[in-house]
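Asker: Take this structure, written in structure tokens, and hold onto it; I'll ask about it next.
Taken together, the values in this text are just the output of simple stated rules run on the coordinates, not laboratory data. Source: prediction; values computed, not measured. Cβ: placed from backbone, ideal geometry, glycine included. Neighbour counts: every protein chain shown.
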Amino acid sequence: MSVDGILNIIKPVGKSSFSMVSLIRRLSGERRVGHAGTLDRAATGVLPVCLGKATRVVEFLSNSRKIYRAKMMLGVATDTYDTDGSIIAEEDCSSVEKSQLEHLLSSFVGVIEQIPPMYSALKRDGIPLHRLARAGVEVERKPRKIDIYSIDLLEWQPPFFTIDVECGKGTYIRSLAYDIGQALGCGAHLASLVRLKNGVFDIADGLTIEQLEDAFNGGYWRDVLHPVDSVLTHMPAAIVSIDMEKDIKNGISVDLNVESGSDIDWCRVYTEDGELIALLRYKSSIGKWHPRKVLI
């Protein structure tokens, strides 16, 4: 029997995001398991893991805002942009003032361009960049537009400083550390990273591996599953009749009495019994809602 829902897991340092998926797959017996938003091995924090039908909504979690707490070290640059890499440059950073750093951080807020690191899961001709990097091959990476909504300086203890970053999809905090170091002229790298929030999921409500295993061993792990639609509350909702439910299951576009617009092009649809059955997208060309993800 399929198990549908989302687990808010706190990934520990030293574990890969995929290893968390493997652990949940083994403990739950559910085949369809996937995570929303990779965390590097050296990072910790919120990692939503989706089971069953919830794997169909991973993209909405991956696209959501995230908040990170990042500790960075000035004066040392590494090839991976974090502590896992080899040192490639060391410079004196004693002249850097707190006010100078604060002014610089503000310049990174907004829609900016960022070049992804070589040590990443992005692919070139089907080959992950990190594999090329370990083979000593560096390829050109095009800058990508990313959204950084805020950066708050929490601690200034040179050569270390700690910031909270709220950002959108595709942001590499490692690259941000590298770019800050380059802008200051002394180099920098990411010393530690914690993801505090991923969309609606907060680290304060997350489960450690120990708590997760206790939930499975105690047989109450389904009680800590978040419902599939917990990450879809930004979408308008509609309840449909049995006849319209059949049309949606058959992929037929329908008329719905819900709001649509340039920033509202998805909606969630429920049966009269309250079961989430599909996600529909508005097709302005025909003025109707088209089933894009049928969940039953």
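Asker: At a Förster distance of 35 Å, what's the computed FRET efficiency of A204 paired with V111, Cβ-Cβ distance as r, to 0.05?
Answerer: 0.75
Asker: If you place +1 on the Cβ of every Lys and Arg and -1 on the Cβ of every Asp and Glu, how big does the dipole about the Cα centre of the range 184-247 come out, in debye to the nearest 20?
Answerer: 340 debye
Asker: While we're looking at this one, here's another question. Using just the Cα positions, wrap the range 66-194 in a convex hull and report its mean projected area in square nanometres, one decimal place.
Answerer: 7.5 nm²
Asker: Once R0 is set to 35 Å, what does the formula 1/(1 + (r/R0)^6) return for the Cβ-Cβ distance between D125 and E272, expressed as a FRET efficiency to the nearest 0.05?
Answerer: 0.10
Asker: Would you mind checking K123/K246; K169/K246; K98/K197 for any pair whose Cα atoms are more than 32 angstrom apart?
Answerer: K123/K246; K169/K246
Asker: Search the structure for amide H atoms under 5 Å from the amide H of R65, placed 1.01 Å from N in the peptide plane, and list their residues when 5 or more places away or on another chain.
Answerer: Correct list: G199.
Asker: Taking every Cα atom in the chain, find the radius of gyration and the maximum pairwise distance Dmax, and write them in Å.
Answerer: Final numbers for Rg and Dmax: 21.9, 71 Å.
Asker: By DSSP, what percent of the beta bridges with both residues in the chain are antiparallel, rounded to the nearest 5?
Answerer: About 90 percent, rounded to the nearest 5.
Asker: Next question, about the same structure. What translational D, rounded to a whole number of µm²/s, comes out for the range 235-294 from Stokes-Einstein when the hydrodynamic radius is the Kirkwood one over Cα pairs, at 25 °C and 0.890 mPa s?
Answerer: Rounded to a whole number, D works out at 219 µm²/s.
Asker: Continuing with this model, one more query. Using the Cβ atoms and a cut-off under 12 Å, what net charge is assigned to the surroundings of K197, where Lys and Arg are +1 and Asp and Glu are -1?
Answerer: Once all neighbours under 12 Å are counted, the net charge is 0.
Asker: Loop-only trypsin sites (Lys or Arg not before Pro) in the range 1-63, please: DSSP not H, G, I, E or B, and at most 12 other Cβ atoms within 10 Å.
Answerer: Listed in order of number, the matching sites are R31.
Asker: In addition: Tell me what the chain gives for mean residue ellipticity at 222 nm when only DSSP H runs of n ≥ 4 count, each as -39,500 (n - 2.57), the sum divided by the residue total, rounded to 500 deg cm²/dmol.
Answerer: -6000 deg cm²/dmol
Asker: Hey, another quick one. Multiply the residue gap between D265 and K288 by 0.36 nm, knock off their C-alpha separation, and tell me the result in nm, one decimal place.
Answerer: 7.2 nm
Asker: Treating the beta-carbon of each Lys and Arg as +1 and of each Asp and Glu as -1, no other charges, what is the dipole magnitude of the range 235-294 about its Cα centre, to the nearest 20 debye?
Answerer: The calculation lands at about 320 debye.
Asker: Kindly point out, ordered by number, any Cys in the chain whose beta-carbon has no other cysteine beta-carbon under 4.7 Å away.
Answerer: C50, C167, C267
Asker: Please rank C93, C186, fewest neighbouring Cβ atoms within 10 Å first, as an exposure proxy.
Answerer: Taking fewest neighbouring Cβ atoms as first place, the list is C93, C186.
Asker: Could you tally the net charge around I112, taking each other residue with its Cβ under 11 Å from the Cβ of I112, Lys/Arg +1 and Asp/Glu -1?
Answerer: With Lys, Arg at +1 and Asp, Glu at -1, the net is -1.
Asker: Within the range 164-226, list the chymotrypsin sites (Phe, Trp or Tyr not before Pro) lying in a DSSP loop whose Cβ has at most 12 other Cβ atoms in a 10 Å radius.
Answerer: Here the chymotrypsin sites (Phe, Trp or Tyr not before Pro) that fit, given the DSSP loop and packing criteria, are Y220.
Asker: Let me spell out the model: positive unit charges on the Cβ of Lys and Arg, negative unit charges on the Cβ of Asp and Glu, origin at the Cα centre of the chain. What dipole size does that give, in debye rounded to 20?
Answerer: Approximately 1060 debye in magnitude.
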